[in-house]
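Quick notes on the structure that follows.
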Amino acid sequence: MIENEYDTYVKDKTERYALTLEENTFEIINETAFVRAKKAITGYLPNGFNTKSHEFYNIIENEKVVGYVWVKIVEEKKSAFLYEIYLKEEFRSKGIGKKVMIELESHLANRKIAFFRLHVFGNNEHAINLYNNLGFHVAGINMYKEIAK
(Lines give C-alpha, C1' and ligand atoms only; values in the text may rest on other atoms or scores of the structure.)
Protein backbone atom coordinates (compact mmCIF):
# COMPACT_ATOMS: atom_id res chain seq x y z
CA MET A 1 0.00 0.00 0.00
CA ILE A 2 1.30 3.45 -0.79
CA GLU A 3 0.69 6.49 1.35
CA ASN A 4 -2.01 8.05 -0.81
CA GLU A 5 -4.10 4.83 -0.50
CA TYR A 6 -3.89 4.95 3.29
CA ASP A 7 -6.67 7.54 3.86
CA THR A 8 -9.17 5.43 1.92
CA TYR A 9 -8.05 2.32 3.80
CA VAL A 10 -8.27 3.86 7.28
CA LYS A 11 -11.71 5.34 6.57
CA ASP A 12 -12.97 1.91 5.50
CA LYS A 13 -11.22 0.25 8.44
CA THR A 14 -12.81 2.67 10.92
CA GLU A 15 -16.30 1.98 9.58
CA ARG A 16 -15.74 -1.81 9.67
CA TYR A 17 -14.21 -1.67 13.15
CA ALA A 18 -17.18 0.35 14.43
CA LEU A 19 -19.52 -2.41 13.25
CA THR A 20 -17.34 -5.00 14.99
CA LEU A 21 -17.41 -2.96 18.20
CA GLU A 22 -21.20 -2.73 18.01
CA GLU A 23 -21.39 -6.53 17.85
CA ASN A 24 -18.74 -7.22 20.49
CA THR A 25 -19.02 -4.55 23.18
CA PHE A 26 -20.70 -5.84 26.28
CA GLU A 27 -20.82 -2.63 28.28
CA ILE A 28 -23.00 0.45 28.25
CA ILE A 29 -20.84 3.18 26.78
CA ASN A 30 -21.92 6.74 26.06
CA GLU A 31 -19.81 7.11 22.92
CA THR A 32 -20.90 5.70 19.58
CA ALA A 33 -19.05 2.71 18.19
CA PHE A 34 -17.76 4.91 15.35
CA VAL A 35 -16.24 7.43 17.78
CA ARG A 36 -14.62 4.61 19.77
CA ALA A 37 -13.28 2.99 16.59
CA LYS A 38 -11.83 6.28 15.37
CA LYS A 39 -10.17 6.94 18.75
CA ALA A 40 -8.71 3.43 18.87
CA ILE A 41 -7.27 3.58 15.37
CA THR A 42 -5.89 7.08 15.93
CA GLY A 43 -4.33 5.81 19.16
CA TYR A 44 -2.67 2.90 17.39
CA LEU A 45 -1.56 5.12 14.51
CA PRO A 46 -0.69 8.56 15.92
CA ASN A 47 1.39 9.35 12.83
CA GLY A 48 -0.99 7.70 10.40
CA PHE A 49 0.68 5.85 7.57
CA ASN A 50 4.09 6.84 8.95
CA THR A 51 3.57 5.39 12.44
CA LYS A 52 6.74 3.57 13.45
CA SER A 53 6.70 -0.23 13.03
CA HIS A 54 3.26 -0.34 11.35
CA GLU A 55 3.08 -1.67 7.81
CA PHE A 56 0.14 -1.75 5.41
CA TYR A 57 -0.32 -3.98 2.38
CA ASN A 58 -2.93 -4.34 -0.31
CA ILE A 59 -4.01 -7.88 -1.11
CA ILE A 60 -3.97 -8.16 -4.88
CA GLU A 61 -5.71 -10.88 -6.86
CA ASN A 62 -5.84 -10.74 -10.67
CA GLU A 63 -4.48 -7.17 -10.60
CA LYS A 64 -7.34 -6.03 -8.35
CA VAL A 65 -7.21 -4.91 -4.70
CA VAL A 66 -9.33 -7.49 -2.86
CA GLY A 67 -8.32 -6.71 0.71
CA TYR A 68 -5.76 -5.35 3.15
CA VAL A 69 -3.18 -6.33 5.74
CA TRP A 70 -2.12 -4.16 8.69
CA VAL A 71 0.72 -5.51 10.80
CA LYS A 72 3.00 -4.07 13.46
CA ILE A 73 6.53 -5.48 13.42
CA VAL A 74 8.84 -4.80 16.35
CA GLU A 75 12.15 -6.28 15.26
CA GLU A 76 13.90 -5.59 18.60
CA LYS A 77 11.33 -7.82 20.34
CA LYS A 78 11.24 -10.28 17.41
CA SER A 79 7.48 -9.87 17.49
CA ALA A 80 4.70 -9.03 15.07
CA PHE A 81 1.05 -8.27 15.73
CA LEU A 82 -1.57 -8.65 13.02
CA TYR A 83 -4.07 -5.84 13.42
CA GLU A 84 -6.02 -6.85 10.37
CA ILE A 85 -6.28 -9.16 7.44
CA TYR A 86 -9.41 -8.17 5.56
CA LEU A 87 -10.86 -9.59 2.38
CA LYS A 88 -13.82 -8.07 0.61
CA GLU A 89 -16.87 -10.33 0.93
CA GLU A 90 -16.81 -11.72 -2.61
CA PHE A 91 -13.19 -12.90 -2.23
CA ARG A 92 -13.64 -14.87 0.98
CA SER A 93 -13.58 -18.69 1.20
CA LYS A 94 -11.36 -18.94 -1.87
CA GLY A 95 -8.06 -19.70 -0.10
CA ILE A 96 -6.77 -16.14 -0.51
CA GLY A 97 -6.62 -15.43 3.24
CA LYS A 98 -4.64 -18.59 3.90
CA LYS A 99 -2.25 -17.80 1.05
CA VAL A 100 -1.71 -14.26 2.36
CA MET A 101 -1.11 -15.49 5.93
CA ILE A 102 1.47 -18.02 4.71
CA GLU A 103 3.22 -15.32 2.65
CA LEU A 104 3.15 -12.93 5.62
CA GLU A 105 4.58 -15.58 7.93
CA SER A 106 7.39 -16.23 5.44
CA HIS A 107 8.07 -12.49 5.24
CA LEU A 108 8.25 -12.30 9.05
CA ALA A 109 10.54 -15.34 9.25
CA ASN A 110 12.90 -13.70 6.75
CA ARG A 111 13.04 -10.71 9.09
CA LYS A 112 13.88 -13.03 12.02
CA ILE A 113 10.54 -12.44 13.77
CA ALA A 114 9.97 -15.21 16.34
CA PHE A 115 6.40 -14.47 17.50
CA PHE A 116 3.36 -13.70 15.38
CA ARG A 117 0.35 -12.59 17.43
CA LEU A 118 -3.19 -11.51 16.65
CA HIS A 119 -6.61 -11.00 18.21
CA VAL A 120 -9.81 -12.49 16.87
CA PHE A 121 -13.32 -11.92 18.17
CA GLY A 122 -15.05 -15.06 19.41
CA ASN A 123 -17.91 -14.78 16.92
CA ASN A 124 -15.54 -14.84 13.93
CA GLU A 125 -15.56 -18.61 13.51
CA HIS A 126 -14.23 -18.51 9.96
CA ALA A 127 -11.10 -16.61 11.04
CA ILE A 128 -10.67 -18.77 14.14
CA ASN A 129 -10.67 -21.89 11.95
CA LEU A 130 -8.14 -20.31 9.60
CA TYR A 131 -5.80 -19.37 12.44
CA ASN A 132 -6.13 -22.80 14.07
CA ASN A 133 -5.31 -24.47 10.74
CA LEU A 134 -2.25 -22.23 10.41
CA GLY A 135 -0.95 -23.34 13.82
CA PHE A 136 -1.88 -20.38 16.01
CA HIS A 137 -2.59 -21.12 19.68
CA VAL A 138 -5.06 -19.52 22.07
CA ALA A 139 -3.28 -17.17 24.48
CA GLY A 140 -6.35 -16.02 26.43
CA ILE A 141 -10.13 -16.00 26.34
CA ASN A 142 -12.49 -13.15 27.23
CA MET A 143 -15.98 -14.21 28.20
CA TYR A 144 -19.26 -12.42 28.98
CA LYS A 145 -22.75 -13.16 30.20
CA GLU A 146 -25.72 -10.84 29.81
CA ILE A 147 -27.64 -10.73 33.08
CA ALA A 148 -30.04 -7.82 32.52
CA LYS A 149 -31.31 -5.82 29.58
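Of note:
- Global form of region 87-149, assessed from the alpha-carbon gyration tensor, a/c cut-off 1.5: oblate
- Annotation for region 1-73: chymotrypsin sites (Phe, Trp or Tyr not before Pro) lying in DSSP loop with at most 16 further Cβ atoms inside 10 Å of their Cβ are 26.
- DSSP-assigned coil residues among chymotrypsin sites (Phe, Trp or Tyr not before Pro) in region 94-149, each with at most 11 further Cβ atoms within 10 Å: 144
- Remark: the chain carries a charge dipole of roughly 400 debye about the Cα centre, counting +1 on each Lys and Arg Cβ and -1 on each Asp and Glu Cβ.
- The string of couplings for region 125-138 from the Karplus curve (6.51, -1.76, 1.60, θ = phi - 60°) is 4, 4, 5, 4, 4, 4, 5, 4, 5, 8, x, 6, 10, 6 Hz, one whole number per residue in order, with x for Gly and Pro.
- For residue 83, distant residues with modelled amide H under 5 Å away: 70, 71, 72
- Taking amide H as placed 1.01 Å from N in the peptide plane, the amide H of residue 66 sits under 5 Å from that of 59, 60, 61, each at least 5 places away or on another chain.
- Here the accessible area is traced with a 1.4 Å probe on the protein chains. For the chain, carbon and sulfur cover 51 percent of it.
- Cross-linked pairs 38/77; 39/112; 13/145; 11/88; 39/64: Cα-Cα separations exceed 20 Å for 38/77; 39/112; 13/145; 39/64.
- Cα shape, region 1-89, gyration tensor, a/c 1.5 rule: oblate
The values are calculated or read from the model by the stated rules, or taken from the named source; none is laboratory data. Quantities reported herein were computed from a predicted structural model and do not represent experimental measurements. With ideal geometry, Cβ positions are generated from the backbone for all residues, glycine too; neighbour counts draw on all protein chains shown. Each accessible area value is taken on the protein alone, full model and side chains, heavy atoms only, with ligands, DNA and RNA left out. Shrake-Rupley method; radii C 1.70, N 1.55, O 1.52, S 1.80 Å.
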